[in-house]
1. Can you pull out the trypsin sites (Lys or Arg not before Pro) in the range 1-53 whose DSSP state is coil and whose Cβ has at most 13 other Cβ atoms within 10 Å?
2. Just list whichever of LYS77/LYS106; LYS32/LYS106; LYS165/LYS376; LYS165/LYS308 have alpha carbons separated by over 24 Å in the model shown.
3. Counting only protein heavy atoms and using a 1.4 Å probe, what share of the accessible area of the range 1-138 belongs to carbon plus sulfur, as a whole percent?
4. Applying the Karplus parametrisation 6.51 cos²θ - 1.76 cosθ + 1.60 with θ = phi - 60° to the phi angles of the range 200-214, what ³J(HN,Hα) value in whole Hz is obtained for each residue in order, glycine and proline being reported as x?
5. Can you compute the modelled spin-label distance between ALA161 and HIS88, with each label point 7 Å from Cα toward Cβ, in nm?
6. Let's test this: bin the Cα-Cα distances of the range 168-292 at 10 Å from zero up to the farthest pair and state each bin's percent.
7. Round to the nearest 10 and give me the degree value, 0 to 90, for the angle of helix 379-389's Cα axis relative to the longest principal axis of the chain.
8. Rounded to the nearest 500, what is the 222 nm mean residue ellipticity of the chain from helices alone, with -39500 (n - 2.57) per DSSP H run of 4+ residues and division by all residues?
Amino acid sequence: MLGNFKYSNPTTLYFGDKAQSHLAEALRPFGKKVMLIYGGGSIKRNGVYDDVMAALKEADKEVVELSGVMPNPTVVKMEEGAQLARRHNVDFILAVGGGSTIDYAKAVSVATWYDGDAWQHFWVEQANPAPDARIIPLGAVLTMAGTGSEMNGGSVITNHAANLKIGKVFGTEVMPKFAVLNPRYTFSLPHRQLVAGIYDMFNHIMEQYFSGHDDSTSDYLAEGLMRSIVASSLVAVKDPANYEARSNLMWAATWALNTLISQGKREDWMVHMLGHAIGAYTDATHGMTLSAVSEAYYRYVMQFCPAKFARFAKVVWDIPAEGKSEEQLASEGIDALMDWIRTIGAATRISQIGATPEMIEGIADATIILDSGYKKLTRAEVVDILRNSL
Ligand code: NZQ
Ligand code: ZN
């Protein structure tokens, strides 16, 4: 392991098919006025809303509701939430939904009492809240496995006026105080969202795995998680009501991005930077933006560290190594990745999710280029990768 780090994760998890029975107890230590945040209404159709309202009542809370959080939440919606939270002087935020709703709740949590342009400050300038900043504590009830937002500080916000989608990773002060993870709550997910979540969680691990040259415990953990996701995904896409597979996916997604497997690592995140820029232009489903750009990105980048990609092929995909060069093995690993992406039904081309040749230059401009994977891309390389993904 290289790197020095401090590790702590403040989120308490309640996991399992009766996890919601702990919600009232989890809410009790916080103030009386709770802002309940949710999305487009799936929680009203699948019964999750009723469970949550019962727990809020049991914990004797006063509820202020904010609904309509869209997939890829926007800065305009964030301002609406911050105004409402200020007007009611809420003590606590309860987010009920997928990554969009939880990310959004974090944005409202920091923006409500920030005196200035929160988008510019936290997302564009990537500033952290001041040590004495008032941050509204939040909790989460997760209904979709994928982003890991339930146990991390990430908050991704889209600004359509600026054609930008930017993630800010806040510290422990913004992470959920608790999260309720009932795999049954995810059963009503449309197939497309199930698949998008599966590739999202898998790619989070790839982003952390494909960096560094040292022998790292984090990489061994990452390999185990990736194998688990592949195994469970193949069951879940055929049999969506399989509790074992769905619960494994939910747990793996949380561990994929709850700050554990990145410890001591540099981390890549270029597939996400490309995916976010594509999302800013197309508003496409997050996991699909990642799968659609992955082949072109990884086939290009693997030449800069074939040894790690060969290890990925051997350990994650069980590809026999005998008689093969590292490059050949690395390439077969990407073949296996793409076969799996096609099998589960995720997008493989950005043209499938609304990107057009005319958008390429703009998407390239919106792509934040990081310098922490095996190759720092130039803008021209970003354009090539995007063109090869069309
Ligand atoms: O709005 P509702 O009606 O709830 O419907 C949602 C939405 O349409 C639906 N859904 C969720 N749970 C459901 C359900 N439908 C039926 N039954 C259920 N149980 O699914 C749709 C997508 O939901 P969304 O929350 O947008 O999906 P996801 O969890 O993938 O979140 C995506 C957002 O998270 C960001 C993405 O960029 C995107 O904005 N990310 C956040 C990260 C983080 N916090 O660390 C990291 C990720 O890489 C990602 O960037
Ligand atoms: Zn993601």
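The values are calculated or read from the model by the stated rules, or taken from the named source; none is laboratory data. In this text the structure is predicted, and so the values were computed from the model without any measurement. Neighbour counts run over all protein chains shown; Cβ positions are idealised from the backbone, glycine included. The area values use the complete protein model at the heavy-atom level, side chains included, leaving out ligands, DNA and RNA. Shrake-Rupley method; radii C 1.70, N 1.55, O 1.52, S 1.80 Å.
1. Details: sites: LYS6, LYS18, LYS32, LYS33, LYS44, ARG45; in loops: LYS6, LYS18, LYS32.
Taking the range 1-53 and a limit of 13 other Cβ atoms within 10 Å, the loop trypsin sites (Lys or Arg not before Pro) found are LYS6, LYS18, LYS32.
2. Numbers: LYS77/LYS106 13 Å; LYS32/LYS106 19 Å; LYS165/LYS376 20 Å; LYS165/LYS308 30 Å.
Cα-Cα > 24 Å for LYS165/LYS308; rest within.
3. 48 percent
4. Taking θ as phi minus 60°, the curve returns 4, 5, 5, 5, 4, 5, 4, 4, 8, 6, 7, 6, x, 10, 8 Hz for the range 200-214.
5. 2.6 nm
6. With a bin width of 10 Å, the distribution comes to 12, 39, 39, 10, 0.
7. Long axis of 379-389 versus the principal axis of the chain: about 90 degrees.
8. Taken over the chain, the calculation gives -14500 deg cm²/dmol.
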